[in-house]
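One structure below.
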Amino acid sequence: MIHTIIMPKLGLTMTHGQVTRWLKKEGDLVMKGEPLVEVETDKINYEVESPADGYLLKILAANGEERNIAEPVGLVGEKGEEAGLSGGPVSEKTDAPAPRASSRL
């Protein structure tokens, strides 16, 4: 199952944060609760922890990039899973419409 790493809301007035440094790289083994990425707001620096055991499958926000709160910054899952295609709880935001299932018989 793929788990989304999101930009956390670290204060009442926080609307966005900046990824300052990834502590792991894509493909690295990670453990639940292990720090993965440092984010910065106008008030604090914070280490975001892995939501699950697995591998860092995809970095969605590079060092220096800003993201709004609750937006995805990375994905953790099992080795070999395809990010966004496994049917897992991936909450990536997109402007493209969702694909429609075909009902050809």
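Which one of the conditions (1) modelled with pLDDT of 95 or more; (2) surrounded by fewer than 19 Cβ atoms within 10 Å (Cβ to Cβ) does ASP42 fail to meet, given that it meets all the rest?
For ASP42, the exception is condition (1).
Restricting to region 31-44, count the residues that are within 10 Å of GLN18 (Cβ to Cβ) and either out of contact with any Ser or Thr (no Cβ under 7 Å at 6 or more places or on another chain) or outside any strand (DSSP E or B) (or both). Please lay out each step first, then the result.
Going through region 31-44, the residues within 10 Å of GLN18 (Cβ to Cβ) turn out to be 38-42.
Restricting the remaining residues to those that are either out of contact with any Ser or Thr (no Cβ under 7 Å at 6 or more places or on another chain) or outside any strand (DSSP E or B) (or both) gives 41-42.
Count: 2.
Take region 7-21 and flag every residue that is buried (at least 18 other Cβ atoms within 10 Å of the Cβ) and either in contact with a Gly (Cβ under 8 Å, 6 or more places away or on another chain) or within 15 Å of PRO51 (Cα to Cα) (or both).
To start, the set of residues in region 7-21 that are buried (at least 18 other Cβ atoms within 10 Å of the Cβ) comprises 7, 17, 19.
Within region 7-21, MET7, VAL19 qualify.
Checking the structure you have, find out if any residue of region 51-71 is under 10 Å from HIS3 (Cβ atoms), of a type in the set (Gly, Ala, Ser) and in a loop (DSSP other than H, G, I, E, B). Write out each step before concluding.
Filtering region 51-71 for residues under 10 Å from HIS3 (Cβ atoms) gives 51-54, 57.
Retained after the next criterion (residues that are of a type in the set (Gly, Ala, Ser)): 52, 54.
If we keep only those that are in a loop (DSSP other than H, G, I, E, B) too, we end up with 52.
Yes, some residue in region 51-71 is under 10 Å from HIS3 (Cβ atoms), of a type in the set (Gly, Ala, Ser) and in a loop (DSSP other than H, G, I, E, B).
Do you know which residues across region 49-78 are in contact with a His (Cβ under 6 Å, 6 or more places away or on another chain) and either under 16 Å from PRO35 (Cα atoms) or buried (at least 19 other Cβ atoms within 10 Å of the Cβ) (or both)? Even if it seems obvious, please write down each step before you answer.
Within region 49-78, the subset in contact with a His (Cβ under 6 Å, 6 or more places away or on another chain) is 51-52, 66, 68, 76.
Matches in region 49-78: PRO51, ALA52, VAL76.
The values are calculated or read from the model by the stated rules, or taken from the named source; none is laboratory data. Quick caveat: nothing in here was measured; it's all calculated off a predicted structure. Note that each Cβ is placed from the backbone with ideal geometry, even for glycine, and that neighbours are counted across all protein chains shown.
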